[in-house]
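Quick notes on the structure that follows.
The values are calculated or read from the model by the stated rules, or taken from the named source; none is laboratory data. Because the structure is predicted, anything quoted here is derived from the model rather than measured. Here the Cβ positions follow ideal geometry from the backbone for every residue, glycine too, while neighbour counts run over all protein chains shown.
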Amino acid sequence: METVDIFIKNASELITMDGPNRPRIKKEMCELSIIENGSVAIKNGKIVETGNDLEYGAEKTIDASGKTVMPGFIDPHTHLVFAGSREFELDMKLKGLSYMEILKKGGGIFYTVNETRKATNEELLKQSKKRLDIMISHGTTTCEAKSGYGLDAETELKMLEIQKKLNDIHPMDIVSTFLGAHAIPKEHSADDYVDIIISEMLPQVKGLAMFCDVFCEKGVFTIDQSRRILEAGKKYGLIPKIHADEIVDTGGASLAAEIGAISADHLLMSSDKGINEMARKGVIGVMLPGTPFSLMQDNYAPARKMIDSGVPIALATDLNPNCWVENMQFMIQLGCFNMKMTPAEAVTAATFNAACAIGVNDTVGSLEEGKKADVIILGCPNHKSIPYHFGVNLVETVIKNGKII
Ligand code: NIG
Ligand code: FE
């Protein structure tokens, strides 16, 4: 009998996500490739085999009877690195102040920028590491992280360097995004700041980020400014992403389709035209339901309509000081309860499609032979229980790169 490092057996549901290696759309989002009474063999950090009648000797055998075994969650949109916190904004939000009103008063992102500029590298590293620990204990094994609380070349690069360091020292795999265009700093006019991003920051970002992102929104960056930045980013090999149509429909979804963005994120207000253009171009719609939840809004992104229109959908936390959440299980719950996604669609959105949204689907996002052994074991019998049993951490075991954390 062949011997492996870890052998998991008897899982009541083994979700492999086996399927085409591209974003899953429409009905495909319901297909989780579930193996009942399933087993997984892991060796040298990789998946050796999955099935339901496997026999392996192993250094460690795990009996997953009554449990769900699945790929680690992928969180494709976070603002992981920041200093300070903004719990004082809760009272303002409860009094009815909107996100934009708080931002315009110099709070919101600007408050966090001040704190982040003042913080030492050690402080930022320590605080971000703690967030990564919480994420991994809730089953996230790969995440994206954005700069954007510097708004000057020095601090933006400092954030990207910290993300790189965290990727080296922490078991979490981190994919970096440059988000110099997160807000317009008080020191500059919008157009001057766009020039600074393009001529000063982007040339230095090379090697530190895979994606370039813009907060395209009324009162922040316009469609034209966003296009300029994202097109300039492409010249440095940065793949475009965009915060689009969160508060107002500015045509962000259409811009994402026009420039070939890998994803457009938020999308609460996107027009049918924008949604159809995204579907045609295969732009992934990243749903961030934690944000309307933390802003106490009634309206969420139209995930149901987008899935039915053929937009591949992913889920992410948007972890940031306005929406402080590290837990992808909660996003699955919000996806079902507040966005009418089915449990299966939400699981696809939190694993394989999320991997596609950050370009890591060749190595993670499904449990297929030769892929990284990023596997989680949940103390519930099936995927439908992930939204059903909410408000607790269902993840009991996390295996990252073939090692039990
Ligand atoms: O995606 N909208 C812009 N950026 C973040 C919020 C950042 C903040 O408020 O600090 C978001 O929601
Ligand atoms: Fe964001």
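Residue 49 meets all of the listed conditions (1) surrounded by fewer than 23 Cβ atoms within 10 Å (Cβ to Cβ); (2) part of a loop (DSSP other than H, G, I, E, B) but one, namely (2). May I ask you to list pairs of residues, at least six apart or on different chains, whose Cβ atoms are under 6 Å apart, with the first in the range 50-77 being in contact (Cβ under 8 Å) with a residue 24 or more places away in the chain and the second being in a strand (DSSP E or B) and hydroxyl-bearing (Ser, Thr, Tyr)? Listed by first residue and then by second, the contacts come to 54/39; 57/3; 66/12; 72/141; 73/140; 74/142; 75/140. The set of residues from the range 245-279 being within 16 Å of ligand 1 (Cβ to nearest atom) and among the charged types (D, E, K, R) comprises 245, 246, 249, 265.
Residues checked against (1) within 16 Å of ligand 2 (Cβ to nearest atom); (2) in contact with a strand residue (DSSP E or B) (Cβ under 6 Å, 6 or more places away or on another chain):
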site	(1), (2)
225	no, no
231	no, no
236	no, no
241	yes, yes
245	yes, no
249	no, no
257	no, no
261	yes, yes
267	yes, yes
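Farther than 22 Å from residue 318 by Cα, surrounded by 15 or more Cβ atoms within 10 Å (Cβ to Cβ) and away from ligand 1 (no atom under 16 Å from the Cβ): which single residue out of 198, 162, 174 fits that description? Give the derivation first.
Details: 162 fails: farther than 22 Å from residue 318 by Cα; 174 fails: farther than 22 Å from residue 318 by Cα.
None of the others qualify; the one that does is 198.
Annotation: of all residues in the range 385-402 being within 21 Å of the chain's Cα centre (by Cα) and in a loop (DSSP other than H, G, I, E, B), the one that is surrounded by the most Cβ atoms within 10 Å (Cβ to Cβ) is 394.
Table: residues versus (1) in a strand (DSSP E or B); (2) closer than 18 Å to residue 103 by Cβ; (3) not basic (Lys, Arg).
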| site | (1), (2), (3) |
| --- | --- |
| 124 | no, no, yes |
| 134 | no, no, yes |
| 150 | no, yes, yes |
| 161 | no, no, yes |
| 178 | yes, no, yes |
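A residue that is assigned to a loop (DSSP other than H, G, I, E, B), at pLDDT 95 or above and outside the structural domain of residue 181 (by TED's automatic domain parsing) cannot be found anywhere in the range 80-91.
Scanning the range 341-364 for residues that are over 13 Å from residue 29 (Cβ atoms) and assigned to a loop (DSSP other than H, G, I, E, B) returns 358, 359, 360, 361, 362, 363, 364.
Looking at 214, 205, can you tell me which residue is in contact with a strand residue (DSSP E or B) (Cβ under 8 Å, 6 or more places away or on another chain) and farther than 21 Å from residue 316 by Cα?
Details: 214 fails: farther than 21 Å from residue 316 by Cα.
The unique qualifying residue is 205.
In the set 284, 259, only one residue is crowded, with 22+ Cβ neighbours inside 10 Å and of a type in the set (Val, Ile, Thr); that residue is 284. Once the range 57-88 is narrowed to residues that are more than 16 Å from ligand 2 (Cβ to nearest atom) and hydroxyl-bearing (Ser, Thr, Tyr), the residue that is surrounded by the fewest Cβ atoms within 10 Å (Cβ to Cβ) is 65. For the structure I just gave you, tell me whether residue 27 is crowded, with 19+ Cβ neighbours inside 10 Å and among the charged types (D, E, K, R). The answer is no for residue 27.
Test residue 353 against the criterion of being away from ligand 1 (no atom under 16 Å from the Cβ) and farther than 15 Å from residue 387 by Cα, and give yes or no. Before the answer, list the steps.
Numbers: away from ligand 1 (no atom under 16 Å from the Cβ): yes; farther than 15 Å from residue 387 by Cα: yes.
So residue 353 fits the description; yes.
Selection over the range 1-35 of residues that are in a strand (DSSP E or B) and either of a type outside the set (Lys, Arg) or at pLDDT below 95 (or both) gives a count of 14. If you go through the range 355-375 one residue at a time, do you hit one that is within 13 Å of the chain's Cα centre (by Cα), closer than 23 Å to residue 269 by Cβ and crowded, with 22+ Cβ neighbours inside 10 Å? Looking through the range 355-375, at least one residue is within 13 Å of the chain's Cα centre (by Cα), closer than 23 Å to residue 269 by Cβ and crowded, with 22+ Cβ neighbours inside 10 Å.
Conditions (1) part of a helix (DSSP H, G or I); (2) at pLDDT 95 or above; (3) of a type in the set (Val, Ile, Thr); (4) at negative phi, marked per residue:
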| site | (1), (2), (3), (4) |
| --- | --- |
| 37 | no, yes, no, no |
| 55 | no, yes, no, yes |
| 60 | no, yes, no, yes |
| 69 | no, yes, yes, yes |
| 102 | yes, no, yes, yes |
| 111 | yes, yes, no, yes |
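Restricting attention to the range 211-240, the residues that are surrounded by 18 or more Cβ atoms within 10 Å (Cβ to Cβ) and under 18 Å from residue 160 (Cβ atoms) add up to 12.
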